[in-house]
Structure formats: C-alpha cells, structure tokens
1. Output the residue which, of all residues in segment 71-116 that are within 15 Å of Asn45 (Cβ to Cβ) and of a type in the set (A, V, I, L, M), is modelled with the lowest pLDDT.
2. May I ask you to list pairs of residues, at least six apart or on different chains, whose Cβ atoms are under 9 Å apart, with the first in segment 148-167 being within 9 Å of Tyr103 (Cα to Cα) and the second being buried (at least 17 other Cβ atoms within 10 Å of the Cβ) and of a type in the set (Asp, Glu)?
3. Evaluate the following for Ser39: is it crowded, with 19+ Cβ neighbours inside 10 Å, within 16 Å of the chain's Cα centre (by Cα) and free of Cβ contacts under 8 Å to residues at least 24 places away in the same chain?
4. Taking Ala107, is it within 21 Å of Phe7 (Cα to Cα) and either crowded, with 20+ Cβ neighbours inside 10 Å or more than 15 Å from the chain's Cα centre (by Cα) (or both)?
5. Determine whether Gly97 is touching a residue at least 12 places away in the same chain (Cβ under 8 Å) and surrounded by fewer than 16 Cβ atoms within 10 Å (Cβ to Cβ).
6. Determine if segment 105-117 includes at least one residue that is in contact with a His (Cβ under 6 Å, 6 or more places away or on another chain) and of a type outside the set (Val, Ile, Thr).
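The values are calculated or read from the model by the stated rules, or taken from the named source; none is laboratory data. It should be emphasised that the depicted structure is a prediction, and the values quoted were computed from it without experimental measurement. Positions of Cβ are generated from backbone atoms using ideal geometry, with glycine treated the same way; all protein chains shown enter the neighbour counts.
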Amino acid sequence: MPKFVAFLRGINVGGHRKIPMTDLRRISAKVTGDPDVRSYIASGNIVFAAEGQANQLASGIADGIKADLGFEVPVLVLDDATLRDVLNDCPFPRDGGKLVHGYFCFADPVVDGAAVDALKTPTEAVAVIGRTVWLHAPDGIGRSKLAAKMERLIGVEATARNLNTVIKIVEMLDECHDTSRA
C-alpha cells in the first residue's frame, strides 16, 4: 500500500490550535483507513499507508480535524517518493540538522529574492527546489533575521521542518507497515 507523510501547519504553537497526537492519530486513522498511523513530535507530522491521492488525503485529514476539533488546519500530504526526492535534493550538508530548514510549500513558491538578499547574512543560503525552499543558517535559525521572515518571503503558504525532522520522517516511512518491527 502506498505510504505518505502529512505535515500540519501551525498546530500546538503558543497554545493555539492544540491537537494532542493521540487525537491526530485517531482522526487520521479514520480518514486513511490505516490503524497504525504514527506521529513524530507534537508539531504535526504523521506517517501512514493509504490508498488515494495526496491532495484528497490532505483534504480528508483537514476535514476530519475540523469536524472533530472545530478548527481549521492546513494539511500538506506528500507521498513517500516525493519526500525522499525532497531530502535527496537538499543542497545543504546532511549533518546540518537544526541549522537547515525545509519550507514545504502548498503551492509553487514565489520567493522575493531582493528581500532575501537584504536580510541574509554572508553565511546564510537559500535554495528553491520544486515546492521546497531550503534555508541554511549555520549561525543558528533562532538568530537569523531571514528565518524569522522566511514564510512571508516565500509568497505562499508553507510549513517548515528542520533537516533532522525530515530525515527522521523518511526513516519512519521505511518502518511504515514493516512486518519485521516489534
């Protein structure tokens, strides 16, 4: 069965749009038909197997959250191969961990290059590859003026994950419905 990852945007941040992961897994299991939906950290990352198209699954999960919890959450679903391609195409070092962020865009990004250039430090770099905008901030994401404004500069709705998280989710896809795991 095809495997997918869903990224939810803006949950469990600052006390807003709180979704316990048990609720997210339950809602997602109902929508996807996968009783073994797995989540990773409370920022809204789930891995599952399902039949269907990514955009239909995203709409189903978003509708399920709205019906069950009463609020809207943007949901982006990528199939296994797409997420692997995104990771493989990352132009920055794999050991960049928390210093490399991928901004997963809900539509084709329209990056304001002049604003990016005005904000970035000499050590920072940005790369647009398909619907992912990568930011490498080797002096720290928390200290980066560019990182603080990145989503606005992308020009479309996006949800960010650091490279460590992307790598972990790909590992979870490897384990998804693996009959050898305990």
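1. Going through the qualifying residues, I end up with Val73.
2. Pairs that qualify, where the first residue is within 9 Å of Tyr103 (Cα to Cα) and the partner is buried (at least 17 other Cβ atoms within 10 Å of the Cβ) and of a type in the set (Asp, Glu), are Ala158/Glu151; Thr159/Glu151; Ala160/Glu151.
3. Values: crowded, with 19+ Cβ neighbours inside 10 Å: yes; within 16 Å of the chain's Cα centre (by Cα): yes; free of Cβ contacts under 8 Å to residues at least 24 places away in the same chain: yes.
Spelling it out, Ser39 is indeed crowded, with 19+ Cβ neighbours inside 10 Å, within 16 Å of the chain's Cα centre (by Cα) and free of Cβ contacts under 8 Å to residues at least 24 places away in the same chain.
4. Criteria not met by Ala107.
5. On the way: touching a residue at least 12 places away in the same chain (Cβ under 8 Å): yes; surrounded by fewer than 16 Cβ atoms within 10 Å (Cβ to Cβ): yes.
Against the criterion (touching a residue at least 12 places away in the same chain (Cβ under 8 Å) and surrounded by fewer than 16 Cβ atoms within 10 Å (Cβ to Cβ)), Gly97 qualifies.
6. Taking segment 105-117 as the starting set, the residues that turn out to be in contact with a His (Cβ under 6 Å, 6 or more places away or on another chain) are none.
Checked against the condition, which is being in contact with a His (Cβ under 6 Å, 6 or more places away or on another chain) and of a type outside the set (Val, Ile, Thr), segment 105-117 yields no hits at all.
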